[in-house]
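Single-structure report; data block below.
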Amino acid sequence: MREMSWCCSWLLLCWCCCFTRAEVFTSIGQMTDLVFTEKELVHSLREYIKAEESKLAAVKSWANKLDSLTKTSTLDPEAYLAHPVNAYKLVKRLNTEWSELESLVLQNPSDGFISNMSVHRQFFPDEEDETGAAKALMRLQDTYQLDSEAFALGKLPGTHSDARLTVDDCFGMGKTAYNEADYYHAVLWMQQALKQLDAGEETEVTKADILDYLSYSVYQMGDLPRAIELTRRLVAIDSSHQRAGGNLRYFETLLSKQMNEQRQAFEPASEEPIQLGTYTRPRDHLPEREAYEALCRGEGLQMNEARRSRLFCRYADGQRNPRLLLQPLMEEDEWDSPHIVRYIHFMSEQEMNKVKELAKPRLARATVRDPKTGVLTTAQYRVSKSAWLEGEDDPVIARVNQRIEDVTGLTVETAELLQVANYGVGGQYEPHYDFSRKDEPDAFKRLGTGNRVATMLNYMSDVEAGGATVFPDFGASIRPRKGTAVFWYNLFKSGEGDYRTRHAACPVLVGCKWVSNKWIHERGQEFRRPCGLTEVD
């Protein structure tokens, strides 16, 4: 409004000046210039009003869109964020699009809005968070073998949703991959952006921009014929493009040289869209990547009928523990060797809610222990947030700790604190051992309680899709079931590590995964779990 008042005052001043000059120039001929001046001023005023209305319309459009979004998201925030596309788009909106809105409003100072933005801005996701969310979607895409179109349309296993990725979203995903030199995913997402653009979807991204990234990414994947075809399409759209002409000449020269060396004739590339599987996904640091991801999809399971017949269920009273005599726990065999059991109704709804309530304010990026230094640090292969809870924090924690001790027969006096973990979009923990190996003797030296002899993992939520605990070595996949807990030994009775227990938390595809775990250590178990006579007892 202050800008409007200033503009009107300026126009009034100009208007007064014009009349003063008109009184001097009495001829009509001389006054005609004033008419055109006035017309120009009115046009300037209209342009100013149009700019203000356009700005206001843009802000109103934002408000209407976000009002609709927040009405849906606040009805059940956890369910809304359970869909990875919704989670990614929330991070993207808060990091990128709200900043654009802020810049728009700043063109005409609005103190109330800006001060409100300043208060909340410190809690917004940053560029690193947006990149992480995009990479999480790509991780899900790889693990569950989903094409980009399935993601863009929100067609994910275990859910029906209206969540969609626009051309801008797909372009942003591709650009994130490109900036990370991940040309495999850059191709998939730039191709999807191009597909949606060609289908007529409105966007601010130009076709030339998409083809620029796509053609170079395809070249990096070693597909010169298609890189040439895409670059030619780019040149046809924008013949003055800064890089396209040079790239085209370079690609053609390189291909010609290859054809001559191999004595092959040139075959034009297919103009069909690039699909998942067109190019081979680059290998990474994880040797059992394919087996691990297959188990996450429910493939490659090794539990045949013969082995299944050796699995039983029973009531567990912790070898006649007084606290379990009247109300024993139901125990199911999940696997025969190594022996993995699941306890049914291990935690009540009230207990799980209390544990989550205590953990939420303390959640921080989950850490892993550096095998060389023993120091806790973050790692790219573990994507979750965690908190540590002591028995003194609340009677519920003390009660859960006591129940673990009662049913396992192992003391928790030397165990680590109860760790609570929350896996969000694409949350995972790649294959790892819970115990320390011989080449990491100092991993738990600071604790002074020996190695991790056993693991108790409590599932505190159901997961619509993904999120299984898998053991690649022997082909087991254990699905999260709310209120249950699974238990296994990491060490043989001899104290040697059981290397078969290398396990992973699969990426959460749809849902919100809450778990808590207790790592039980060797010290104090001398008479509760006596040593064996052989290395593998």
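The values are calculated or read from the model by the stated rules, or taken from the named source; none is laboratory data. A quick note: this is a predicted structure, and the numbers were derived from the prediction, not measured. For neighbour counting, all protein chains shown are included, and Cβ atoms are generated from backbone atoms with ideal geometry for every residue, glycine included. Surface areas here come from the heavy atoms of the whole protein model, side chains and all, with no ligands, DNA or RNA. Shrake-Rupley method; radii C 1.70, N 1.55, O 1.52, S 1.80 Å.
For the range 427-476, what are the residues that are touching a helix residue (DSSP H, G or I) at 6+ places or on another chain (Cβ under 6 Å) and not hydrophobic (A, V, I, L, M, F, W, C)? Once the filter is applied, which keeps residues that are touching a helix residue (DSSP H, G or I) at 6+ places or on another chain (Cβ under 6 Å) and not hydrophobic (A, V, I, L, M, F, W, C), the range 427-476 yields 431, 472, 473.
If I filter the range 272-295 for residues that are buried (at least 16 other Cβ atoms within 10 Å of the Cβ), small (Gly, Ala, Ser) and farther than 30 Å from residue 430 by Cβ, do I get at least one hit? No, because not a single residue in the range 272-295 is buried (at least 16 other Cβ atoms within 10 Å of the Cβ), small (Gly, Ala, Ser) and farther than 30 Å from residue 430 by Cβ. Selection of the range 125-180 for residues being of a type in the set (Ser, Thr, Tyr) and in contact (Cβ under 8 Å) with a residue 60 or more places away in the chain yields 143, 144, 148, 159, 161. A count restricted to the range 240-249 and to residues that are hydroxyl-bearing (Ser, Thr, Tyr) and either closer than 13 Å to residue 211 by Cα or surrounded by 11 or more Cβ atoms within 10 Å (Cβ to Cβ) (or both) stands at 0. Looking only at residues of the range 140-193 that are closer than 18 Å to residue 278 by Cα and of a type in the set (Asp, Glu), we find that the one that is surrounded by the fewest Cβ atoms within 10 Å (Cβ to Cβ) is 147. Against the numbered list (1) at negative phi; (2) in contact with a Pro (Cβ under 8 Å, 6 or more places away or on another chain), residue 467 comes up short only at (1).
Any residue at all in the range 110-120 that's modelled with pLDDT under 75 and either open to solvent by less than 30 Å² (accessible area, probe 1.4 Å) or in a loop (DSSP other than H, G, I, E, B) (or both)? Looking for residues that are modelled with pLDDT under 75 and either open to solvent by less than 30 Å² (accessible area, probe 1.4 Å) or in a loop (DSSP other than H, G, I, E, B) (or both), one finds at least one in the range 110-120, hence yes.
Helices (runs of 4 or more DSSP H) fully within the range 228-344 that include at least 3 residues being closer than 25 Å to residue 456 by Cα and touching a residue at least 40 places away in the same chain (Cβ under 8 Å): 289-296. Looking at the range 221-232, can you tell me whether even one residue there is under 25 Å from the mean Cα position of the chain (by Cα) and under 25 Å from residue 259 (Cβ atoms)? Checking the range 221-232: at least one residue is under 25 Å from the mean Cα position of the chain (by Cα) and under 25 Å from residue 259 (Cβ atoms).
Within the range 297-320, the residues that satisfy the criterion of being buried (at least 16 other Cβ atoms within 10 Å of the Cβ) and farther than 21 Å from residue 506 by Cα are 316, 317, 318. Summed over the range 46-76, residues that are closer than 21 Å to residue 508 by Cα and either aliphatic (A, V, I, L, M) or surrounded by 12 or more Cβ atoms within 10 Å (Cβ to Cβ) (or both) total 1. For the range 503-526, the count of residues that are touching a Phe, Trp or Tyr at 6+ places or on another chain (Cβ under 7 Å), in contact (Cβ under 8 Å) with a residue 24 or more places away in the chain, open to solvent by 10 Å² or more (accessible area, probe 1.4 Å) and not in a strand (DSSP E or B) is zero.
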